[in-house]
Amino acid sequence: MPSKLSAAGDRRATTSSGGLFGEFFASKKSSTFDKNSLLDGRARRLFDLTRRACDAGVYPYQLPLEGRSGPWIEAEGRRMLMLSSYDYLGLIGDERVDAAAIEAVRKYGTGTGGVRLLTGTIDLHHQMESELAAFKGTSAAITFSSGYLANLAAVTSVLSPMDCVVLDSLAHRSLAEACKLAGVTVRRYAHNDCASLRHELESGPPSGRTMIVADGDFDGRRHLHLAGVDRHQEGIRVLFAGGRVPRHVRHRIDRARHR
Ligand SMILES: Cc1ncc(COP(=O)(O)O)c(C=O)c1O
């Protein structure tokens, strides 16, 4: 594809912080009020850093794609290798997925006109969730429109302020904010460090229940074993949030639930 934009300066026009917020903060145009007073010091530093990254041509966010995503994408009139998407299964562009999406739009339109709780649930949601539950080996599943919301729900719906979360120090921000919302005590362990996890589990004050929250691909059984934690230990309940839950662990969790 021929390059629409050749000079670096032109290229920056679409990605610079000047482009963000309609150039509101970057433009030198005077306004009737002091627009910088809208930003606190931290935000001003962030905008400044963003602008410098844009000037250096290394600002990686909000790059508008000019076609479908995949291993290769078109952006700013150039073909680029995509190294940061989450299309791990390579299903973008899969003919079956495209065909199903087109059929769904024909049948249901492009929106439900409401949130899931009110008028926004369609039979496809239920179908997807029961298939996910069968795949995960659970009695039910629920999907969310973003990872952030899923994390908020997972923590706040299970825990109360009497409880404690032992949190990986590099866990996604949404998990830390979920803990705040749940009002739980938070103890942080060093990223993926089983000795540190063990230390936090052993040295914390008594709490109602303890949830260990890890980020990314986490083999719960292995980590607990490495941390020297007996998962049958009284007071420690483990919710395996990722991957398939091993059958014998699932039985223990179900039994604990019904006690
Ligand atoms: C581990 C993890 N949790 C949560 C999120 C938030 O997901 P979303 O951007 O869909 O809200 C992300 C997104 O990058 C993530 O990587």
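Derivation of every value follows stated rules applied to the coordinates shown; laboratory data play no part. These numbers come from a predicted model, not from an experiment. Here the Cβ is made from the backbone with ideal geometry for all residues, glycine too, and neighbour counts use every protein chain on show.
One table, with the values for the structure above:
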quantity	calculated
Theoretical FRET efficiency, 1/(1+(r/R0)^6), r = Cβ-Cβ of TYR88 and LEU38, R0 45 Å, to 0.05	0.70
Net lengthening on full extension, VAL58/VAL105 (0.36 nm per residue, minus Cα-Cα)	13.2 nm
Burial ranking of peptide ranges 69-79, 131-141, 180-190 (average Cβ count within 10 Å, highest at the top)	180-190, 69-79, 131-141
Label-point separation, LEU49 to THR121 (7 Å along Cα→Cβ), nm	4.2 nm
Leading residue at positive end of dipole, the range 48-149 (Cβ point charges), from TRP72, VAL97, TYR148	TYR148
Gyration tensor verdict on the range 95-136 (Cα atoms; rounded if a/c is under 1.5, prolate if a/b is larger than b/c, oblate otherwise)	oblate
Virtual spin-label span in nm between SER146 and SER69, 7 Å along Cα→Cβ	1.4 nm
